[in-house]
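I have placed the structure first, in the form of structure tokens, so that the comments after it can refer back to it.
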Amino acid sequence: MGYGDYEPITATGRTIAFVIMLAGIGLISVVTATMASWIVDEVSAEDKKNTEISHDQVERLGARLAHMEAMLADMQARTGTDLKEERHNLVANDDPLQ
């Protein structure tokens, strides 16, 4: 089998050795493919979990923003002043994305 110690001499022995070698190559291929598939599945599951968390966070932030805008509109209605310009200045000066 490549080490030079023993080798099949007869046609039957060589055929059996050939089949065993092919089976070994096939077995190694199956094990490698199974491990690669498992790793891809684990990474995909982790990515999906992170994406779901991100979507949930965006939805909660959107709800909080809508609540804050409602509070701002309520303050504007109670005070009778136009707070849109002040809100725009506040957002422009304190934007965390800039």
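Inter-label distance, Ile39 to Arg64: 3.8 nm, where each label sits 7 Å from its Cα along the C-beta direction.
The distance between label points at Ala77 and Asp47 comes to 4.7 nm (points 7 Å beyond Cα on the Cα→Cβ vector).
In plain terms, the bigger the Kirkwood radius, the slower the diffusion; for region 10-64, with that radius from Cα pairs, at 25 °C and 0.890 mPa s, Stokes-Einstein puts D at 163 µm²/s.
Read-outs: derived from the displayed coordinates by stated rules, not from any lab. Keep in mind it's a predicted model, so treat the numbers as computed, not measured. Note that we place each Cβ from the backbone using ideal geometry, even for glycine, and neighbour counts take in every protein chain shown.
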